[in-house]
Amino acid sequence: MAAVATPPSLADAEQDDGCSIWIGGDKNIDDDLLSEPWAARMDKVVNLEGKTVRGCLKLMKQVATIGDACRSRESIEKLFLCGVDVFRLDFSSEYDYEKITEVIEHIRDVEQKYRHPIGILADLQGPKLECGGFDAGVDLRVGQAFRFDLSARVGDEKRAWLTDAVLTALAPGKHVMLDGGKVQMQVTHCGYTSGGEDTYVEGPEMRPKEGEPFVICEVTKGGDLSGWLDVDSPDTVINIPAISGKDRADIQFACQKGVDWITLGFVQGPEDMKTLDDEVKKHRRKPPKLLAKIWKRSAEQQLEEILALEACQGVIVALEHPGTEVRPQDAPYLQKDIIAKVKAAAKTVLVTTPMHVPETEKGTASLPDRFYTASMVDAGCDAVILADETARGVAPDRCVSEQRSVIESGKSIMPIKSQSSKADPIVATAKTLVREMNAKAIICFTESGRSVAQLVSQRVNVPILAVCNCLETARWLSLLRGVYATTDDQMQKLATIVGKSGGFAIRFSKAVEEACRMLRQAGMASSGEDWIVVIGRSPLFTEGTHNSLQLTRA
């Protein structure tokens, strides 16, 4: 593993908690890029000035995982132009802080070039649970008995060492997954060894402290094992911190580098999200937004308590996780239920989706992959995540482009219904105006982004231009369904005047005029006669509920 630099302390990072600004750049896509063979895969539109810009019209967002197939600046720009809105840093496979820093710099460089905020999501590894180490060639068969204990002897076809936290939590009837679910077992007995003799007990809580624990399992899915392997028990609450030492270092590094979202991958209950919240607040006064990855049974059973936390801004539904104890035939329905609960709580919801393309340029993604993405559009998800397809795939840009085509098709034929009742009267009226006036977009002025999140929870079926006074706010909003957040020097001048002279120093109509200019430049209007709904708060860029609503031409 490459050496990593130690992130700076909070005192060093505090200076980065202000609002960033863009210097240089414009929204236009260069002619030389438009002449590239892959230009047909771009998410591009021609704005009312006749310039070709990156599209801001699709509703469900796309997240691409960084890996060896796409970590260069050229690759990141290509993926962005093909439709990627947020880049995911997978800290379970990323260890070199210098390389990650370089990727982040590439993302911010592309962001500035096109004056289009791009989100960065840091996905934490979580605690490392292992068993082993096996000699090469160990073959476990279905139906055979297998023992786990704390002996340091090399693992064989009869037994192996297992992480203490997992071993002491396992009870009869619980499940064990090895090597990402390639080998699976069910616990039949548990006990302890004392004085060289094994004693069986009914449950782990009945073991005496002086005895060495062990469990006996029945293999339910066989396979070959070798070396050290990941292990998990999805239906067992494991007494281990959700944040490892590596995670703490990664959190500090991610906060110092200004990532916009952090995902906790090992969530067993609401206390784990509180722990993450406490940790990120040590390193940034304006901490990144937090997501809970839901795949453990205990987390799914406590989902409403997790969503009720202010510290949790959303969920990644990860029922495809190999350790998930969900029958394949049940997973689609459980996933649908989780998505509905997250939407009802007015929180952000993401799902990992497959989108494999063949090596040949003429090949396309499979129909099942397209159906899966379409089902997420139908469910009203905020975003879908591409994992290995972009990190290690043969054609990351084609995966993104083909997935985007499914998302764009769904916009016109799948109107999404809101499942959240958390809407103030201005938001409710804006949604009605969009429908009755056939408005093409909504402009929403926001200081913190909370008002935009509330608007998104109503699942309006047009894009939202979120006008921010701070680039950091615009970046985290880029993950939300249909939101294209932005700020520029002119809008920041207005915000500066408001900050110095008070909210009423700028007429609301002046701000609307500038916002419509930004909307036209982004290609979000096809005609100057398009109706646009504008909502905000007066005084401008102040916290509180919306109190201003306007219908205007683009």
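Structure data summary
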item	result
Residues with amide H under 5 Å from that of ARG207, placed H, sequence gap 5 or more	none
Nonlocal amide H pairs with GLN144, under 5 Å, H built at 1.01 Å	VAL219
Carbon + sulfur, % of accessible area of region 355-484 - ligands and nucleic acids excluded, 1.4 Å	55
Accessible surface of region 50-206, 1.4 Å probe, proportion on carbon and sulfur as whole %	45
Accessible-area ranking of PHE508, PHE371, PHE146, largest first, probe 1.4 Å	PHE371, PHE508, PHE146
Under 16 Å from the Cα of LYS341 - aspartates and glutamates, other chains or at least 8 residues apart	GLU300, GLU304, GLU305, GLU310, ASP378, ASP382
Region 191-237 and region 461-532: distance between their alpha carbon centers, rounded to Å	58
Relative contact order (%) - criterion: Cα under 8 Å, at least six apart; region: region 323-378	21
Accessible area of region 280-381 divided out per residue, in Å², using a probe of 1.4 angstrom	47
Three-way shape call for the chain based on the alpha-carbon gyration tensor, with the a/c threshold at 1.5	prolate
Computed [θ] at 222 nm, helices only, for the chain once each DSSP H run of length n ≥ 4 contributes -39500 (n - 2.57)	-9500 deg cm²/dmol
Karplus 3J(HN,Hα) series, Hz, for region 67-78 with 6.51 cos²θ - 1.76 cosθ + 1.60 (x for Gly, Pro)	x, 4, 7, 8, 8, 6, 4, 4, 5, 5, 5, 4
3J(HN,Hα) from dihedral phi, region 540-554, Karplus parametrisation 6.51/-1.76/1.60, rounded to Hz, x for glycine, proline	5, 6, 10, 6, x, 6, 4, 9, 10, 9, 8, 10, 9, 7, 4
Under the Karplus curve 6.51 cos²θ - 1.76 cosθ + 1.60, θ = phi - 60°, whole-Hz ³J(HN,Hα) for region 464-479, x wherever Gly or Pro sits	10, 8, 8, 8, 10, 9, 9, 5, 4, 5, 4, 5, 6, 5, 5, 7
5 angstrom amide H check on ILE443, placed H, neighbours 5+ away	LEU465, VAL533, VAL534, ILE535
Highest average packing first - 465-473, 387-395, Cβ atoms within 10 Å	465-473, 387-395
Label-zone membership for region 25-68, site SER409, 7 angstrom Cα→C-beta point, backbone N under 19 Å	40-44, 57-62
On Cα atoms only, tilt of 331-344 relative to the major axis of the chain in degrees	50
Most to least accessible of ARG327, ARG147, ARG88 (protein chains only, probe 1.4 Å)	ARG327, ARG147, ARG88
Per-peptide average of other Cβ atoms within 10 Å, ordering 541-547, 202-208, 490-496 highest first	490-496, 541-547, 202-208
Segments 165-174, 263-272, 360-369, 75-84 sorted - mean Cβ within 10 Å per residue, highest first	75-84, 263-272, 165-174, 360-369
Region 182-237, accessible area per residue, ligands and nucleic acids excluded (1.4 Å, Å²)	54
Gain on full stretching of the segment that runs from GLU271 to PHE371 - 0.36 nm per residue minus C-alpha separation	32.4 nm
Total charge dipole magnitude, the chain, about the Cα centre, Cβ charges on Lys, Arg, Asp, Glu only, Debye to nearest 20	2260
Surface per residue (accessible, 1.4 Å probe) for region 15-153, Å²	40
Surface accessible to a 1.4 Å probe, ILE407 within the full protein complex, Å²	0
Mean separation of Cα contacts under 8 Å, 6 or more apart, over the residue count of the chain: relative contact order %	17
Centre separation in Å (Cα based) which lies between region 354-398 and region 57-105	16
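The values are calculated or read from the model by the stated rules, or taken from the named source; none is laboratory data. Remember, predicted model here, so these are calculated numbers, not experimental data. Counting neighbours? That spans all protein chains shown, and the Cβs are built from the backbone with ideal geometry, glycine included. To get the accessible areas, we keep the full protein, side chains included, count just its heavy atoms, and leave off ligands, DNA and RNA. Shrake-Rupley method; radii C 1.70, N 1.55, O 1.52, S 1.80 Å.
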